[in-house]
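The structure appears below as C-alpha coordinates.
The values are calculated or read from the model by the stated rules, or taken from the named source; none is laboratory data. Predicted model, so just to flag it, every value in this text is computed and none were measured. Every residue, glycine as well, gets a Cβ built from its backbone with ideal geometry; the counts of neighbours run over all protein chains shown.
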Amino acid sequence: MDVNAYPWVVTAKILGKILGISERRVQQLREDGVLEVESKARYDVRKCTRAYIAFKTQETKSAGGKNPLEDEKIKLTNVKRRIEERKLQIMEGGLHRSETVKSVMAGMLLNFKAKLQALPTTLAPKLLSQTQLPVIQDIITEGVDGALNELADYEPTMFYDDSDIIVVAEDVEEGDNE
(Lines give C-alpha, C1' and ligand atoms only; values in the text may rest on other atoms or scores of the structure.)
Protein backbone atom coordinates (compact mmCIF):
# COMPACT_ATOMS: atom_id res chain seq x y z
CA MET A 1 0.00 0.00 0.00
CA ASP A 2 1.43 3.34 -1.01
CA VAL A 3 0.64 5.70 1.91
CA ASN A 4 1.51 8.77 -0.14
CA ALA A 5 -1.28 7.89 -2.59
CA TYR A 6 -3.85 8.36 0.20
CA PRO A 7 -3.81 11.91 1.62
CA TRP A 8 -6.16 10.91 4.44
CA VAL A 9 -3.51 8.61 5.94
CA VAL A 10 -1.46 10.75 8.34
CA THR A 11 1.00 10.55 11.21
CA ALA A 12 0.03 10.63 14.89
CA LYS A 13 1.20 14.23 15.12
CA ILE A 14 -1.02 15.40 12.27
CA LEU A 15 -3.97 13.32 13.50
CA GLY A 16 -3.55 14.88 16.93
CA LYS A 17 -3.70 18.37 15.42
CA ILE A 18 -6.81 17.44 13.43
CA LEU A 19 -8.56 16.02 16.52
CA GLY A 20 -7.29 18.74 18.84
CA ILE A 21 -5.32 16.37 21.07
CA SER A 22 -1.64 15.69 21.66
CA GLU A 23 0.43 13.17 19.75
CA ARG A 24 0.86 11.25 23.02
CA ARG A 25 -2.93 11.11 23.49
CA VAL A 26 -3.26 9.67 19.96
CA GLN A 27 -0.80 6.94 20.97
CA GLN A 28 -2.73 6.27 24.20
CA LEU A 29 -5.98 5.94 22.28
CA ARG A 30 -4.26 3.54 19.88
CA GLU A 31 -3.03 1.46 22.86
CA ASP A 32 -6.55 1.50 24.32
CA GLY A 33 -7.94 0.19 21.02
CA VAL A 34 -9.89 3.32 20.18
CA LEU A 35 -7.81 4.26 17.12
CA GLU A 36 -6.49 1.85 14.50
CA VAL A 37 -3.10 2.09 12.80
CA GLU A 38 -3.17 1.70 9.01
CA SER A 39 0.54 1.09 8.48
CA LYS A 40 3.78 2.04 10.22
CA ALA A 41 2.30 4.52 12.73
CA ARG A 42 0.03 6.12 10.17
CA TYR A 43 -3.68 6.64 10.71
CA ASP A 44 -6.67 6.88 8.39
CA VAL A 45 -8.17 10.29 9.24
CA ARG A 46 -11.70 9.24 8.25
CA LYS A 47 -11.78 6.09 10.39
CA CYS A 48 -9.99 7.69 13.31
CA THR A 49 -12.26 10.74 13.30
CA ARG A 50 -15.36 8.51 13.44
CA ALA A 51 -13.78 6.35 16.15
CA TYR A 52 -12.75 9.39 18.20
CA ILE A 53 -16.23 10.94 17.96
CA ALA A 54 -17.80 7.62 19.01
CA PHE A 55 -15.32 7.40 21.91
CA LYS A 56 -16.07 10.95 23.11
CA THR A 57 -19.83 10.39 22.74
CA GLN A 58 -19.62 7.22 24.80
CA GLU A 59 -17.43 9.01 27.36
CA THR A 60 -20.04 11.76 27.70
CA LYS A 61 -22.88 9.24 28.07
CA SER A 62 -21.00 7.29 30.73
CA ALA A 63 -20.48 10.55 32.64
CA GLY A 64 -24.25 10.80 32.87
CA GLY A 65 -24.58 13.11 29.90
CA LYS A 66 -24.21 16.06 32.22
CA ASN A 67 -22.84 19.33 31.09
CA PRO A 68 -20.77 20.97 33.86
CA LEU A 69 -21.86 24.45 32.78
CA GLU A 70 -25.49 23.38 32.85
CA ASP A 71 -24.97 21.88 36.33
CA GLU A 72 -23.56 25.18 37.58
CA LYS A 73 -26.49 27.10 36.11
CA ILE A 74 -28.90 24.72 37.85
CA LYS A 75 -27.06 25.16 41.17
CA LEU A 76 -27.14 28.94 40.80
CA THR A 77 -30.85 28.88 39.98
CA ASN A 78 -31.51 26.71 43.05
CA VAL A 79 -29.56 29.08 45.30
CA LYS A 80 -31.45 32.09 43.92
CA ARG A 81 -34.76 30.27 44.45
CA ARG A 82 -33.87 29.43 48.07
CA ILE A 83 -32.88 33.07 48.71
CA GLU A 84 -36.20 34.31 47.33
CA GLU A 85 -38.10 31.72 49.41
CA ARG A 86 -36.32 32.95 52.55
CA LYS A 87 -37.13 36.57 51.71
CA LEU A 88 -40.79 35.63 51.27
CA GLN A 89 -40.80 33.75 54.59
CA ILE A 90 -39.34 36.84 56.29
CA MET A 91 -41.96 39.09 54.70
CA GLU A 92 -44.79 36.72 55.70
CA GLY A 93 -43.50 36.53 59.28
CA GLY A 94 -42.57 32.85 59.14
CA LEU A 95 -38.87 33.55 59.42
CA HIS A 96 -37.01 36.19 61.40
CA ARG A 97 -33.49 37.49 61.08
CA SER A 98 -31.22 36.19 63.83
CA GLU A 99 -29.99 39.69 64.69
CA THR A 100 -33.56 40.89 65.20
CA VAL A 101 -34.47 37.88 67.36
CA LYS A 102 -31.33 38.34 69.49
CA SER A 103 -32.05 42.03 69.97
CA VAL A 104 -35.73 41.60 70.86
CA MET A 105 -35.11 38.63 73.15
CA ALA A 106 -32.24 40.39 74.91
CA GLY A 107 -34.51 43.36 75.61
CA MET A 108 -37.33 41.15 76.88
CA LEU A 109 -35.01 39.13 79.10
CA LEU A 110 -33.38 42.25 80.53
CA ASN A 111 -36.82 43.61 81.45
CA PHE A 112 -37.76 40.23 82.98
CA LYS A 113 -34.54 40.15 84.98
CA ALA A 114 -35.17 43.68 86.25
CA LYS A 115 -38.69 42.71 87.37
CA LEU A 116 -37.38 39.61 89.16
CA GLN A 117 -34.66 41.61 90.88
CA ALA A 118 -37.25 44.19 91.96
CA LEU A 119 -39.51 41.55 93.58
CA PRO A 120 -37.86 41.64 97.03
CA THR A 121 -38.04 45.42 97.12
CA THR A 122 -41.68 45.62 96.01
CA LEU A 123 -42.97 42.60 97.94
CA ALA A 124 -41.15 43.09 101.26
CA PRO A 125 -43.34 45.98 102.49
CA LYS A 126 -46.50 44.07 101.56
CA LEU A 127 -45.32 40.89 103.28
CA LEU A 128 -43.98 42.55 106.42
CA SER A 129 -47.33 42.86 108.15
CA GLN A 130 -48.76 39.55 106.90
CA THR A 131 -48.94 36.50 109.16
CA GLN A 132 -51.25 34.22 107.22
CA LEU A 133 -49.55 31.82 104.80
CA PRO A 134 -52.26 31.91 102.05
CA VAL A 135 -52.10 35.71 101.90
CA ILE A 136 -48.27 35.66 101.69
CA GLN A 137 -48.44 33.04 98.91
CA ASP A 138 -50.97 35.14 96.97
CA ILE A 139 -48.78 38.26 97.21
CA ILE A 140 -45.67 36.36 96.02
CA THR A 141 -47.63 34.63 93.23
CA GLU A 142 -49.00 37.99 92.08
CA GLY A 143 -45.47 39.45 91.96
CA VAL A 144 -44.03 36.45 90.06
CA ASP A 145 -46.96 36.49 87.61
CA GLY A 146 -46.33 40.19 86.98
CA ALA A 147 -42.70 39.42 86.11
CA LEU A 148 -43.72 36.51 83.88
CA ASN A 149 -46.17 38.73 82.02
CA GLU A 150 -43.13 40.64 80.79
CA LEU A 151 -42.28 37.57 78.71
CA ALA A 152 -45.88 36.81 77.69
CA ASP A 153 -46.73 40.36 76.60
CA TYR A 154 -44.75 40.74 73.43
CA GLU A 155 -45.75 42.17 70.11
CA PRO A 156 -44.97 39.99 67.05
CA THR A 157 -44.15 43.19 65.17
CA MET A 158 -41.13 43.62 67.45
CA PHE A 159 -39.49 40.84 65.44
CA TYR A 160 -39.80 42.70 62.16
CA ASP A 161 -36.99 44.78 60.85
CA ASP A 162 -38.01 47.90 58.91
CA SER A 163 -36.52 46.32 55.78
CA ASP A 164 -38.85 43.31 56.17
CA ILE A 165 -42.06 45.32 55.80
CA ILE A 166 -43.77 45.12 52.43
CA VAL A 167 -46.22 47.72 51.26
CA VAL A 168 -48.73 46.36 48.79
CA ALA A 169 -50.29 48.89 46.43
CA GLU A 170 -53.81 47.77 47.44
CA ASP A 171 -53.02 48.43 51.13
CA VAL A 172 -51.85 51.95 50.35
CA GLU A 173 -54.98 52.71 48.30
CA GLU A 174 -57.27 51.35 51.05
CA GLY A 175 -55.45 53.44 53.65
CA ASP A 176 -55.88 56.59 51.55
CA ASN A 177 -59.65 56.09 51.21
CA GLU A 178 -60.26 55.83 54.96
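Summary of computed values
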quantity	calculated
Residue count, the stretch 74-104 (criterion: in a helix (DSSP H, G or I) and within 16 Å of the chain's Cα centre (by Cα))	17
Residue check for LYS47: surrounded by 10 or more Cβ atoms within 10 Å (Cβ to Cβ), assigned to a helix (DSSP H, G or I), without any contact (Cβ under 8 Å) to a residue 60 or more places away in the chain and not assigned by TED's automatic domain parsing to the domain that holds ILE14	no
Test: residue in the stretch 63-73 that is in a helix (DSSP H, G or I), under 30 Å from LEU15 (Cβ atoms) and modelled with pLDDT under 90	yes
Residues being modelled with pLDDT of 90 or more and either surrounded by fewer than 18 Cβ atoms within 10 Å (Cβ to Cβ) or under 45 Å from the mean Cα position of the chain (by Cα) (or both) - total across the stretch 1-29	17
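Matching residues to (1) at pLDDT 90 or above; (2) touching a Phe, Trp or Tyr at 6+ places or on another chain (Cβ under 8 Å); (3) not acidic (Asp, Glu):
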| residue | (1), (2), (3) |
| --- | --- |
| THR77 | yes, no, yes |
| LYS80 | yes, no, yes |
| ARG86 | no, no, yes |
| ILE90 | no, no, yes |
| GLY93 | no, yes, yes |
| MET108 | no, yes, yes |
| ALA114 | yes, no, yes |
